[in-house]
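Encoded as structure tokens, the structure appears first; notes follow it.
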Amino acid sequence: MMETLLQDLRYAIRTLRKSPGFTLVAVLTLALGIGVNTTIFSLVNGVMLRPLPFQDPSRLVRVWESSPSRNWAFFSMSQPNFLDYREQNCSFDRLAATMGFPVALTEGDAPERISGLAVSPNFFATLGIRPLLGRDMLPEEGSPGGGGRVALVSRGLWQRRFGSRPDIIGSTISLDEQSYTVVGVMPTDLTWGKTHVFVPLVLDRNQPRGDHRLTVIGRLKPGVTLAQAQTDLERIAKRLEETYPGTNNGWTVVSRTFYDWLIPEETRRALGILQGAVAFVLLIACANVANLMLARAAARHGELAIRTAIGAARSRIMRQLLTEAMLVALLGGALGLLVVVLGLDAVRSINPGDLPRLDTVSLDSAVLLFTLGVSLLTGLLFGLTPAVRSSRGDLTETLKEGGRGTTGWTRNSLRSSLVIAEVALSLVLLVGAGLLLRSFWQVLQVQPGFETRNLLTASISLPGPRYSSTQAYVAFHQELTQRLRALPGVRAAGLASGVPLDRGGTAMDVYIEGRAPGPEQPSAEWRRVSPGYFRAMGIPQLRGRDLREEDAREDGRGVVISDEMARRFWPGEDPIGRQFRAFSATQRKPVGRAFTVVGVVGDVRYFGLDAAAGPVVYLPYEGSVWNPMRVVLRTEGDPRGYIAALRDVVRALDPILPVANIQTMDELLDSSLAPRQFNLLLLGTFAAVALGLAAAGLYGVMAYVATQRTHEIGIRLTLGAQHADILRMVVGRGLVLTATGVGVGLVGALWLTRFLSTLLFEVSGADPATFTGVGVLLTIVAVLACWLPARRATRVDPLVALRYE
């Protein structure tokens, strides 16, 4: 058996070497199809299939508090509630809490703002992670007065900032101008974010139950399901609601597996769509190579028939032809690995932004096994049918035909069916890419509500006891904005708790003075800004005036609201001079002092161009300490040219204060559009490849058929047929195949595009313009693909054709 296989392999190599053109085209076609499939599988494997880097990750759970009546499906947890859940549950081995915070690392001469995470001492044990160096946190270090300040640093920070020094354990670092003793070094990939430093989270039962700030994770006990744990948590939530109705009324709890939390359904759906798209590309590639194999088999028809006549078994011929197909497929798979390397580099350079675990994507053993499996399956897909058909060699029929190629149009039904399938599959991909393109165009037409050009943003957090008072906090920012406005080329400067397309606001209910509270109070986004912020951002002032410094000190504190808030809260009325207060959902009453509306500004899409602009309240930043604050600079030229000047101004005010997140607003906008660009670019590339392969397949079939019909065409020309008649005959046949493929593809596209609905924006999955445009594009490409072989057929010399036949 092995000897026969080796004979078949040697014969296949000799045969393929005799047809270098066929071999090259087939291998390159399959390399493209297999390569793009393996590239997307690499993403799916790294993002979705590879186990999470935790001990027994299937038992890890993310827990939220939830208030359905307020439309807060997933909300952070308060400290007292967390302690009650941890003590009263029967389903978890451990429950741990975390709270993220930015922190200034003021070690050495280069201050740096890094991301920190305050964690309960059982956090790493819950995840099943051990330090690379040193020790974990001790239980008493998470109790009030439980010891000195300790910290664990990530491996990335240890390597980059401390040169991988093993003596870092026991040394001190300065965080927000306070000394911490380093007790451990942790892996860099142990959490869901790029956290650099971990400090103990001190939990206090005396904290307000209405203060929801904690991120909670848990490890289920062996044998406990998520559904059982959810029931257990709901039981505790009901008890807390009865015991503390003032703060817990209407609150419940929800839980999800770590996998569902870290890899959202939107990400899984997008990758699934891309994997389906590249499967279509592979099918088109297989159809193309199958057509090549059929044409090649037709040329070898006499050889195979003679082999059958002299005693070769049909199974032996089939095995030989399948060996050739498998060899071509394996060569295509091997070359496809180069496509994978280039494709992964391209994906990393695109950086879609919201794709989790992208750094884990690599060409590993699972990817290599996938490539091998796809290559073998591909060999069967395009090799089996030609092998079966070619093994039916008939010597008598072959000699009777005499090589005249009398096959009619209908004798090529299999090759025609393959072309129809190629056209249909490419149409589905083109429609998907067209819908994403139309959707992306619709997003770009959305007005963000501010001017993005020549706008620089940066984040500044004021750490330490020096800025704990409101007076010191306000004095620093006032001096900062004055100096920035004095810089040559700076047209305006301002401050905000968050800029558009970035965080920095807080959702709070609103109580309108003079109106009775309803069952559900309206909600708005509350943001803190400085005078001059609207001018710096290019947000139009519609009514009233801008904020002033005295608005933070007056009894009726002045605020500016968005136009959407004015329309929604005071429809048909002038909101200037109207008053409102924050409304406590837990206490069911207004709280704090009243705010007076002094101005109305244009709506801003803070959460993305594809997210609606909601009601916004702009409060004076001087009212309280908020860290970090965002600096915005409106410049006359390229804003990146002012980065050094911004750093110099901050350094002059405070030499150890880091400036972080320096970005232009155009860069922020591009980052917000990156996921859409990523999906569009990949699906568009696959659709273009599919279109090219389908055009090549159509061209190949028409060229082959025109060559077979040389005798008939010679007779037609001899009897007086015009060149236009031959063109119509060949092109018409190609258009019939194309029209059939388009019809089949339209039906498939109407069904499949429903899976794209979550990726679309203001575009229907059955958009007539897209479907029409794709149909016209395919028709044009088909005409071009058929015209070349048709034109060649018109140049046939009738006498030569008849003499040859």
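The values are calculated or read from the model by the stated rules, or taken from the named source; none is laboratory data. Computed from a predicted structure; not experimentally measured. Heads up, the Cβs are rebuilt from the backbone with ideal geometry, glycines too, and the neighbour counts pull from every protein chain shown. Calculation scope for accessible area: heavy atoms of the full protein, side chains included, ligands and nucleic acids excluded. Shrake-Rupley method; radii C 1.70, N 1.55, O 1.52, S 1.80 Å.
Once the Cα gyration tensor of region 603-668 is found, what semi-axes does its equivalent ellipsoid get, as square roots of 5 times the eigenvalues, in whole Å, sorted largest first? They are 26, 19, 10 Å, listed largest first.
Ordering THR215, ILE662, LEU342 by the projection of their Cα atoms onto the charge dipole of the chain, which places +1 on the Cβ of Lys and Arg and -1 on the Cβ of Asp and Glu, puts LEU342 at the extreme positive end. Note on LEU226 and ARG160: the model spin-label points, each 7 Å out from Cα along the C-beta direction, lie 3.2 nm apart.
Considering only VAL428, PRO575, ALA237, and ranking their Cα positions along the charge dipole of the chain that arises from unit charges at the beta-carbon of Lys, Arg, Asp and Glu, the one farthest toward the positive end is VAL428.
Enter the accessible area per residue of the chain (Å², integer; probe 1.4 Å; all protein chains in place).
44
For the chain, the mean residue ellipticity at 222 nm estimated from helices alone is -16500 deg cm²/dmol, where every DSSP H run of n ≥ 4 contributes -39500 (n - 2.57) and the total is divided by all residues, rounded to the nearest 500.
Carbon-plus-sulfur accessible fraction, the chain (probe radius 1.4 Å, protein heavy atoms only): 57%.
In whole percents, the pair-distance distribution calculated for region 532-606 from its alpha-carbon pairs, binned every 5 Å from zero, is 3, 15, 23, 22, 20, 12, 3, 1. Lysine pair count for the chain (Cα-Cα distance under 30 Å; residues 8 or more apart in sequence or on different chains): 4. Coordinate range of the alpha-carbon atoms in the chain per principal axis, descending: 106, 61, 54 Å.
Against the empirical curve 2.2 N^0.38 Å, the C-alpha radius of gyration of region 236-293 lands at a ratio of 2.39.
In a simple Cβ point-charge model (Lys, Arg +1; Asp, Glu -1; nothing else charged), the chain has a dipole of about 2420 debye relative to its Cα centre. For the chain, the longest principal axis of the alpha carbon atoms and the long axis of helix 723-752 meet at an angle near 40°. Taking the longest Cα principal axis of the chain as reference, the axis of helix 226-243 is set at about 20 degrees. Against the criterion of solvent-accessible heavy-atom surface with a 1.4 angstrom probe, ARG94, ARG553, ARG733, ARG14 sort, most first, into ARG553, ARG14, ARG94, ARG733.
When peptides 444-453, 57-66 are ranked by their average number of other Cβ atoms within 10 Å per residue, the highest-first order is 57-66, 444-453.
Neighbours of LEU240 by Cβ distance under 12 Å: Lys/Arg scored +1, Asp/Glu scored -1, total -2.
Between ARG50 and LEU372, the contour length at 0.36 nm per residue exceeds the Cα-Cα span by 114.0 nm. The ARG319 and VAL25 beta-carbon pair, evaluated with R₀ = 30 Å, returns a calculated FRET efficiency of approximately 0.80.
The label point for SER757 and the one for GLU636, both projected 7 Å from the Cα toward the Cβ, are 5.4 nm apart.
Take the Cβ atoms of SER349 and ARG453, set R0 to 30 Å, and the FRET efficiency comes out at 0.75. With a cut-off of 14 Å between beta carbons, the residues surrounding PHE82 carry a summed charge of +1, where Lys and Arg count +1 and Asp and Glu -1.
Packing around the peptides 658-668, 17-27, taken as the average count of other Cβ atoms within 10 Å per residue, puts them in this order, highest first: 658-668, 17-27. Rg/Rh for region 595-641 (Cα atoms only, Rh after Kirkwood) is 1.02. Compactness of region 23-120, taken as the C-alpha radius of gyration over 2.2 N^0.38 Å, stands at 1.84.
Separation of region 336-375 and region 154-175 by C-alpha centroid, Å? Going from one Cα centre to the other spans 32 Å.
Label positions at ALA73 and LEU444, each projected 7 Å from the Cα along the C-beta direction, are separated by 3.1 nm. Helix 643-653: angle to the longest alpha-carbon principal axis of the chain, degrees 0 to 90, nearest 10? Helix 643-653 sits at roughly 20 degrees to that axis.
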